[in-house]
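Q: So that we are looking at the same thing, I have put the structure below in structure tokens.
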Amino acid sequence: MNKPKVAVVIIHWNNRHLLETFMPGVLKSTYPNLEIYLADNASTDDSVSYIQAHFPEVKIIQLDKNYGYAGGYNEALKQVESDYYILLNNDVAVDPDWIEPVIEAMEADDLIAAAQPKLLQFKEPEYFEYAGAAGGYIDHLGYVFCKGRIFETMEKDLGQYNESSQIFWASGACLFIKSTAFKKANGFDADYFAHMEEVDLCWRLQLMNYKIISVPKSTVYHLGGSTLKKASPQKTYLNFRNSLIMLLKNMPVSQLWWFIPYRTFLDLVSSIFFLINEEPRHSWAIHRAHADFFFKFSFWWKKRAEVTRLCNPLKSNVCFRGSIVFAHFALRKKSFKDIKF
């Protein structure tokens with residue numbers, strides 16, 4: 001039986017050293033029907049020439065400018081013909097057989113559109129990694145967390161989340177997605193540039209009656225923070241702004257009248273928290289995010305038209321009906337297993 005065609009597509013911008021470190025491992029992948037692409041966001045260093053000289057088997061897609069993660073993949077995938085895309089960050093280490101378990105699980109159910117492996121930290125592989133851990137979830141206020149990571153608290157991987165399960169969103173650091181589903185959903189929202197775009201895409205896929213899963217039989221190791229550092233105010237700005245855009249686009253309209261003011265208040269509390277902890281640039285980033293959201297509200301509102309089948313996935317079994325902020329900071333819940341869905 002022929003295996004479905006799989007394309008690993010690595011989005012990249014500068015940081016050639018990451019390609020030196022992580023590309024050799026990707027090229028050792030044992031999946032038989034595989035192509036590997038570098039989607040270069042107009043790097044200004046010698047990344048492209050390095051790949052051409054050292055890894056000629058890698059196909060290169062050179063974009064004319066830096067479109068970011070979301071726009072970069074939208075543009076690059078127009079040039080890729082495959083049954084499955086694997087959208088892989090340039091700072092992820094993989095085992096040779098990392099692809100097979102995920103494709104096998106996705107092939108077993110036509111309704112599965114996207115999936116992720118288990119993500120562990122590259123530098124401390126005994127711990128789950130921030131960007132996806134063992135699968136992404138969301139609470140009823142739109143705050144995201146993971147099986148194995150709640151806010152800044154990373155759990156140790158003791159095999160506690162080794163069962164495959166349905167999740168709300170799959171990590172953009174290593175996102176397996178059926179090409180037909182990606183195209184049907186019109187890909188990522190390029191206006192996000194970076195951050196939260198994979199949550200938005202997974203939400204829209206669920207509105208189209210698809211499922212998202214985690215497959216911990218496959219494990220990858222993510223360095224993280226290679227393009228936008230974790231402590232970057234720009235990352236804070238994008239996370240807060242894009243979260244509001246995502247919620248405005250996908251939440252049932254009946255909830256928005258109370259939700260937007262309430263979420264604005266909670267974000268204000270976050271900005272005060274940053275000030276108290278002597279991080280004024282992050283506090284200001286939150287205010288910038290809100291200014292961008294509200295001053296361009298009509299523009300963001302029009303994006304709701306892209307969501308043609310509105311329902312309420314926040315009532316699904318992969319959404320936490322409570323508040324993860326309250327559970328974590330007030331009730332001191334540190335582990336995903338402590339959260340009662």
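Taken together, the values in this text are just the output of simple stated rules run on the coordinates, not laboratory data. Values in this document were obtained by computation on a predicted structure and should not be read as measured data. So basically every Cβ, Gly included, is an ideal-geometry build from the backbone, and we count neighbours across all protein chains shown.
Q: Roughly how many debye, to the nearest 20, is the charge dipole of the range 233-310 about its Cα centre, given +1 on each Lys and Arg Cβ, -1 on each Asp and Glu Cβ, and no other charges? Intermediate results must be reported in sequence, preceding the final value.
A: Details: 11 positive and 5 negative charges, 85 e Å.
Here the size comes out at about 400 debye.
Q: Averaging sequence separations of C-alpha pairs under 8 Å and six or more residues apart, then dividing by the length of the range 41-197, give the relative contact order as a whole percent. Let's see the in-between values first.
A: Working: 200 pairs, mean separation 45.8, N = 157.
So the answer I get is 29 percent.
Q: Report, in debye and to the nearest 20, how large the dipole of the chain comes out about its Cα centre when Lys and Arg carry +1 and Asp and Glu carry -1 on their Cβ.
A: Values: 38 positive and 37 negative charges, 261 e Å.
The dipole magnitude comes to about 1260 debye.
Q: Between 0 and 90 degrees, rounded to the nearest ten: what's the tilt of helix 253-276 against the longest Cα principal axis of the chain?
A: 90 degrees
Q: Which one, Ala231, His282, Trp13, projects farthest toward the positive side of the charge dipole computed for the chain from Cβ point charges (K/R +1, D/E -1)?
A: His282
Q: For the chain, build the charge dipole from Cβ charges (+1 Lys, Arg; -1 Asp, Glu) around the Cα centre, then report which of Ser271, Tyr130, Asn90 sits farthest towards its positive end.
A: In the chain, that residue is Ser271.
Q: Follow-up question, since we're still on this one. Taking the Cβ of Lys217 as the centre, find all other residues whose Cβ is under 13 Å away and add up their charges (Lys, Arg: +1; Asp, Glu: -1). Could you put the intermediate results ahead of the total?
A: Details: positive: Lys118; negative: Asp95, Asp97, Glu100, Glu104, Glu163.
Net of charged neighbours comes to -4.
Q: Tell me the Rg and the Dmax, in Å, that the Cα atoms of the chain produce.
A: Radius of gyration, then largest Cα-Cα span, for the chain: 19.3, 61 Å.
Q: Compute the helix-to-body angle for 233-250: its Cα long axis versus the longest principal axis of the chain, expressed 0 to 90° and rounded to tens.
A: Once rounded, one gets 80 degrees.
Q: Around Pro24, what is the net charge, scoring Lys/Arg as +1 and Asp/Glu as -1 over all other residues with Cβ under 14 Å from its Cβ? Write out the running numbers ahead of the final one.
A: Values: positive: Arg16, Lys28; negative: Glu20, Glu57, Asp91, Asp95.
So the surrounding residues net to -2.
Q: In addition: Rounded to the nearest 500 deg cm²/dmol, what is the calculated helix-only ellipticity per residue at 222 nm for the chain, with -39500 (n - 2.57) per DSSP H run of length n ≥ 4?
A: Details: 10 runs with 119 residues, N = 341.
Estimated from H runs of four or more residues: -11000 deg cm²/dmol.
Q: Also: Output the 0 to 90 degree angle, nearest 10, between the alpha-carbon long axis of helix 16-27 and the longest principal axis computed from the alpha carbons of the chain.
A: 70 degrees
Q: Could you compute the net charge surrounding Leu248? Neighbours are other residues with a C-beta less than 14 Å from the C-beta of Leu248; K and R count +1, D and E count -1.
A: On the way: positive: Arg204, Arg241, Lys249, Arg263, Lys296, Lys302, Lys303, Arg304; negative: Asp189, Asp191, Asp200, Asp267, Asp292, Glu306.
Surrounding charge for Leu248 is +2.
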